[in-house]
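The values are calculated or read from the model by the stated rules, or taken from the named source; none is laboratory data. Note that the structure is a prediction, hence the values are computed from the model and not measured. Positions of Cβ are backbone-derived with ideal geometry, glycine not excepted, and every protein chain shown enters the neighbour counts. Side chains included, ligands, DNA and RNA excluded: accessible areas come from the protein's heavy atoms. Shrake-Rupley method; radii C 1.70, N 1.55, O 1.52, S 1.80 Å.
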Amino acid sequence: MSYIVAGRLALHGELPDGWVELEGGRVANSATGQPPRPPDLRHDGIIAPGFCDLQVNGAAGHEVTDGPEALDAIDRLLLSRGVTSYLPTLVSLDCATAERAMDELAERMADPASPVAGVHLEGPFLSPAHAGMHRRDRLRSPDGGIPAYFGAPAVRLVTLAPELPGAFELIAELCARGVAVALGHSGASAAQAERAVEAGARLVTHVFNAMGPLHHRAPGLAGLALTEDRLAVGVIADGVHLDPLVLGLIRRAAGSRTFLTTDSTPAAGAPPGRYSMAGVAIEANEDGSARTADGRLAGSVITLDQAVRGWAAMTEATLAEAIAAASEIPTAAVGLPGVPAPGSPADLVLLDETGEVERVMHGGHWLE
């Protein structure tokens, strides 16, 4: 028996009237206009694809490396915020911890009740000059050897600095395996970044943050991110990592290539206070920032639904465009289904007119 939801569909940055038909935990059909029969549910607000966060270091007081119970808590929080798929992000870990976490996350991926959709490796192949909160003693170059866990089938996305020795060869190897590559934590020149794109890199991790500055005679990675049509550009729209004026610049330059991410810490969805992430002590502050003891930004304290509302509030983006930046654009960038097309997972988010989450469907089941 099929189930039809009707209302305004968030689709390709627009909000047309439409409907989605669901059957057996998957989308059977969808279209704009009137449904083929009276719907089982008519929603007065917005029907959106499930959100997808490509960079989750932790949430709900836990890191993604803290084990199954921690992952249960993170899954619950993110699902309640409309995130029906996310990439747990391993942050320049020691090999033993990374291998253990990779095994746990592979099991989580196989669980249809979990929104875990793969693993994001952010490091250790990052520039020490742009390490951010990453421990510099764990950073290295690809020409020094690739850890075995990089070959795990669960790996879906890798962030690296393209100026490091051996980076171009690693990019090509990862892309040949179907792993998406993002450029970040980097001081690369525009020419080096362009060469990485030629090798197969297709994303930029939290543009402007932990990378060389945009200079009018040395545009660097940030400049290429704003102008290279092959790159999907990640943005943390929390009002802390980027000034609203810069957010507006990114929207105008990168447009529909922009995707929202959180780079969330254990402090996301948790009270202000002290937490640990990848062996580094961080403080979640009342001003909405998470910082190391010496004041460096250390990820965010937001969830992706907050980023959607922030992107719409701090730029000229419509709510429909912000929803696309949290669903269709990131999923496409890493090869996940992101629109309600026949055969895709039945992952939907019902929003009100302001973008607040009212109800979430994951795998064809409404979450209560």
Looking at the range 65-84, is at least one residue open to solvent by less than 10 Å² (accessible area, probe 1.4 Å) and farther than 19 Å from H120 by Cα? yes
So which residues in the range 206-237 are in a loop (DSSP other than H, G, I, E, B), open to solvent by 10 Å² or more (accessible area, probe 1.4 Å) and touching a His at 6+ places or on another chain (Cβ under 9 Å), if there are any at all? F208, N209, A210, G212
For the range 113-138, which positions are within 23 Å of S264 (Cβ to Cβ) and open to solvent by 30 Å² or more (accessible area, probe 1.4 Å)? A113, H130, R135, R136, R138
What number of residues in the range 147-183 are small (G, A, S), free of Cβ contacts under 8 Å to residues at least 60 places away in the same chain and either surrounded by fewer than 19 Cβ atoms within 10 Å (Cβ to Cβ) or assigned to a loop (DSSP other than H, G, I, E, B) (or both)? 8
Condition met for G187 (under 16 Å from H130 (Cα atoms), surrounded by fewer than 19 Cβ atoms within 10 Å (Cβ to Cβ) and in contact (Cβ under 8 Å) with a residue 40 or more places away in the chain): yes
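Each row is one residue, and each column tells you yes or no for (1) in contact with a Leu (Cβ under 6 Å, 6 or more places away or on another chain); (2) open to solvent by 10 Å² or more (accessible area, probe 1.4 Å); (3) farther than 29 Å from H362 by Cβ; (4) of a type in the set (S, T, Y).
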residue: G255; (1), (2), (3), (4): no, yes, yes, no
residue: Y275; (1), (2), (3), (4): no, yes, no, yes
residue: I282; (1), (2), (3), (4): no, no, yes, no
residue: E286; (1), (2), (3), (4): no, yes, yes, no
residue: T303; (1), (2), (3), (4): no, no, no, yes
residue: L319; (1), (2), (3), (4): no, yes, no, no
Of all residues in the range 333-368, count the ones that are of a type outside the set (A, V, I, L, M), buried (at least 24 other Cβ atoms within 10 Å of the Cβ) and over 28 Å from T159 (Cβ atoms). 1
Could you check the range 258-277 and list, in sequence order, the residues that are charged (D, E, K, R) and assigned to a loop (DSSP other than H, G, I, E, B)? D263
Please name all residue pairs, on different chains or six or more residues apart, with Cβ atoms under 6 Å, provided the first residue is in the range 107-123 and is part of a strand (DSSP E or B) and the second residue is open to solvent by 20 Å² or more (accessible area, probe 1.4 Å) and among the hydroxyl-bearing types (S, T, Y). none
If V56 satisfies all but one of (1) of a type in the set (V, I, T); (2) out of contact with any Phe, Trp or Tyr (no Cβ under 6 Å at 6 or more places or on another chain); (3) under 22 Å from A333 (Cβ atoms), what's the number of the condition it fails? (2)
Kindly evaluate D243 against the criterion of being of a type outside the set (S, T, N, Q) and over 25 Å from E194 (Cα atoms). yes
Single residue of the range 32-64 satisfying the filter (among the polar types (S, T, N, Q) and not in a loop (DSSP other than H, G, I, E, B)) that is surrounded by the most Cβ atoms within 10 Å (Cβ to Cβ): Q55
